[in-house]
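Just so it is clear, none of the values below were taken in a lab; they were calculated from the coordinates. Everything numeric in this text was worked out from a predicted model, so none of it was measured. FYI the Cβ positions are ideal-geometry reconstructions off the backbone, even for glycines, and counts take in every protein chain you see.
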Amino acid sequence: MNTKFDVVALGELLIDFTENGTSEQGNPVLEANPGGAPCNVLAMLNRLGHKTGFIGKVGQDMFGRQLEQALIETGISTEGLVKDDEIHTTLAFVHTFEDGDRDFSFYRNPGADMMLREEELNTSMIENCRIFHFGSLSMTDEICRNATKKAISLAKENGAIISFDPNLREPLWKSLDDAKEQITYGMTQCDIMKISDNEIQWFTGEDDYDKGIAYLQSKFNIKLILLSLGKDGSRAYINGKCAEVAPFLQENTIETTGAGDTFCASVIHYVLEHGLEDYSEKEMQEMLTFANAAASLITTRKGALRVMPSKEEIEDLIKSKQK
C-alpha cells in the first residue's frame, strides 16, 4: 500500500554553516546546521502533527549522512532522498548581521541537490500527497529543473494542491533573467504562494505591495498569496480580499533563519485543516496570527530544522499578546 502524505516537498537539503562565536585565536567558529527551505517547512509541519516526506539529493559524504539523520530525527520520511556518489552535499555559509539579516555564500558548483534526475523521483510519494511544495532553487539548473517540472505535473495529475515559495537566492542563478523565467513558471503552476516583500518588488517592479499583488493576480491564477513583510508582519490575499496582521516582535531575536519557512508551513497547516477555501478576512487573520507567532518564535533559536516551535508554544505566545 502506498503511504499517504499530507505534504511532500522537493528541493534543496544542505548544510548551513552559521557563526557561533570566535575561537581563542580570533577565528570565526562555524556550526554545521541542517538547512534547506523545503525541509524547514516539512519540519514545522511535522511538529504540527502532519505526515511529511522529502524528495531531494545529498552527497554520499559525512554531511549527507548528517542531513539524512536530521530528517529521521524530525520525523520527515526519507524514502525520496537520493545520494550522489560523485557530487558532494551542498554547503551554505551564512553571515548574520547585527539586525538579524543574513548574507549567503554557497558552495554548489555543482552541489548534490542540483543533480536530482527525473528518473530518480519517488513517484508514489508525489502521487499520494495532499499538498506538494517546492521552491525555485530546484530550478536553477537543467537536471533538477526537469525533475521539478515532472514532479509538479505528476502532483497536479493526482489532485494535489501546489504550494510555491520563490525563495530568491541571487548568487545561485546564472542571471536574474533566468531566475525570473523559472519563478514565473512556478507562479503558473501553484495554488498557494508565499512571497517576501523584497521578492515582490524585484519581480513586479512595484514598490506598492498591493499593486504588486494585483499585478500577480492579473497574470496568474494563484488562489492564495501570502506576503511576508519581516518586521512589519504579513498579509494574505484571496479572491479580491486582503488581511494584514502585525508581527510578534521579539526582544531576544538571534537570527531570522527559517522564519519565512516556519510562516509558510503554518499557512500550509491551516490549509490542511480547513481546505483551500474562499477564506473570510477573519479566517485569514486567524491564519496569519498563528503563522506570525510561529515565525517569531523561530527567530529566538539558532538554526531551524531541529528547533521548530510546538503548537502549544505558538498558542501561548498568541494568548500572552492578547491580554
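What to note about this one:
- Using only side-chain charges placed at the Cβ, +1 for Lys and Arg and -1 for Asp and Glu, the dipole size of the range 178-323 relative to its Cα centre rounds to 260 debye.
- Shape of the range 51-107, Cα gyration tensor, a/c cut at 1.5: oblate
- Residue order, fewest to most surrounding Cβ atoms within 10 angstrom, among 164, 134: 164, 134
- Shape of the range 5-322, Cα gyration tensor, a/c cut at 1.5: rounded
- Qualifying GluC sites (Glu not before Pro) in the range 220-307, where qualification requires a DSSP coil assignment and no more than 16 other C-beta atoms within 10 Å, comprise 251, 277.
- Per-residue ellipticity at 222 nm, computed for the chain from helices alone with -39500 (n - 2.57) per DSSP H run of at least four residues, works out to -12000 deg cm²/dmol.
- Inter-label distance, nm, simple model (7 Å from Cα along the C-beta direction), residue 124/residue 249: 5.2
- The chain: most fluctuating residue of 222, 298, 143 per GNM, C-alpha cutoff 10 Å: 143
- Cα-centre dipole for the range 99-192 with unit charges at Cβ (Lys and Arg positive, Asp and Glu negative), debye to 20: 180
- Magnitude of the charge dipole for the range 5-322, about its Cα centre and with charges confined to Cβ atoms of Lys, Arg (+1) and Asp, Glu (-1), is about 560 debye.
- Projecting the Cα atoms of 14, 259, 43 onto the charge dipole of the range 5-322, computed from C-beta unit charges around the Cα centre, puts 43 farthest toward the positive end.
- Whether the range 259-323 is rounded, prolate or oblate, judged on the alpha carbon gyration tensor where a/c under 1.5 counts as rounded: oblate
- Springs between Cα atoms under 10 Å define the GNM used for the chain, and in it the highest mean-square fluctuation of 64, 240, 159 occurs at 240.
- Choice from 242, 190, 144 with maximal GNM fluctuation in the chain (Cα, 10 Å cutoff): 242
- The residues 63, 220, when put in order of fewest to most other Cβ atoms within 10 Å, stand as 220, 63.
- Structural descriptor for the chain: relative contact order 16 percent, calculated from alpha carbon pairs under 8 angstrom and at least 6 residues apart.
- Ascending count of other beta-carbon atoms within 10 Å, so fewest first, for 306, 145: 306, 145
- Nearby lysines by direct alpha-carbon distance to residue 231 (threshold 24 angstrom, same-chain neighbours under 8 apart not counted): 194, 211, 241, 282, 302, 311, 319, 321, 323
- Between the residues 126, 111, 60, the greatest Cα displacement towards the positive end of the dipole of the range 5-322, with unit charges on the Cβ of Lys, Arg, Asp and Glu, is found for 126.
- Cleavage-rule hits, GluC sites (Glu not before Pro), the range 1-75, DSSP coil, Cβ neighbours within 10 Å at most 11: 24
- For the range 90-126 and the range 240-301, distance of Cα centres in Å: 24
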